[in-house]
Amino acid sequence: MLQVYDIPSQYLDYPVSHQVLLSLLKDYKRPNDKIYEMIKAGDLIPLKRGLYQFRNPSGILPEPFNVANVLYGPSYVSAESALSYYGFIPEQVFTITSITTKKSASFRNEIGTFDYQHLSIPYYSFGIQRINLREGQYALIATPEKALFDQIIITKGLLFRSASSAREFLLENMRMDEIHLREMNTFNMKSWLNEAPKKESLENTIKAIQSL
């Protein structure tokens, strides 16, 4: 009988598709029954229809950012989730926000709550980096500059008509640290403007950062 500790290690750290599960359970006459049994026993975590995560015998779950990339892609972690990861905002963020080129979607499972917001290419492709979260766990995450832009763009009704209104949002609403803001690469931010939604608001955001 297949147990979690019999699963090859390369399948323990990353989500697996239903097809991969069927290949691992090829010796079973009724592999779907075995999948249901493993879910019921807690050895297999359903992430969404057709995608699962083995529960590692060590008890360590995969990094939520890693799961976010695989759960719905192409996508990268951004907005408040990325800003919190970098320490740019003080709040802990419980919903993982990602940007995708596909239609907006959301998922909830044992690993966490995942929200995906649509933004179009070419803007989508700017300011993404691959981060090593821990050994064997990586994720595509927006740079701090892109995460801030994305946060402004996906927040409905948020518009800045002046640098002062952008500054108020950054320092009072977002409670961002001035030192971190001064470290932002405004040259890169300016290079994204022509392809970005809410261009005026983003321009005023850059002006607010440069005035600090």
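The values are calculated or read from the model by the stated rules, or taken from the named source; none is laboratory data. No experiment lies behind these values; they were computed from the predicted model shown. Quick reminder, even Gly has a Cβ in these numbers, built from the backbone with ideal geometry, and neighbours come from all protein chains shown.
List the residue pairs whose Cβ atoms are under 6 Å apart, where the first residue sits in segment 159-181 and is in contact (Cβ under 8 Å) with a residue 24 or more places away in the chain and outside any loop (DSSP other than H, G, I, E, B), the second is surrounded by 12 or more Cβ atoms within 10 Å (Cβ to Cβ) and not hydrophobic (A, V, I, L, M, F, W, C), and the two are 6 or more positions apart or on different chains.
Going by the 6 Å Cβ cut-off, the qualifying pairs are Ala163/Asn204; Ala163/Lys207; Ala166/Asn204; Ala166/Thr205.
Quick one: count up the residues across segment 11-43 that are of a type outside the set (Val, Ile, Thr) and within 22 Å of the chain's Cα centre (by Cα).
Final tally of qualifying residues: 6.
Here's a check for you: in segment 118-171, which residue that is at pLDDT 95 or above and of a type in the set (D, E, K, R) is surrounded by the fewest Cβ atoms within 10 Å (Cβ to Cβ)?
Lys156
Can you pull out every residue in segment 182-212 that is polar (S, T, N, Q), over 24 Å from the mean Cα position of the chain (by Cα) and in a helix (DSSP H, G or I)?
Result: Asn194, Asn204, Gln210.
Being assigned by TED's automatic domain parsing to the domain that holds Leu71, modelled with pLDDT of 95 or more, touching a Leu at 6+ places or on another chain (Cβ under 9 Å) and of a type in the set (Asp, Glu): is that true of Asp115 here?
no
Of all residues in segment 157-181, how many are over 22 Å from the mean Cα position of the chain (by Cα) and on the phi > 0 side of the Ramachandran plot?
Of the residues in that region, 1 qualify.
Please determine whether any residue of segment 19-39 is under 30 Å from Ser125 (Cβ atoms), surrounded by fewer than 19 Cβ atoms within 10 Å (Cβ to Cβ) and either in contact (Cβ under 8 Å) with a residue 24 or more places away in the chain or not assigned by TED's automatic domain parsing to the domain that holds Glu145 (or both).
Within segment 19-39, one or more residues are under 30 Å from Ser125 (Cβ atoms), surrounded by fewer than 19 Cβ atoms within 10 Å (Cβ to Cβ) and either in contact (Cβ under 8 Å) with a residue 24 or more places away in the chain or not assigned by TED's automatic domain parsing to the domain that holds Glu145 (or both).
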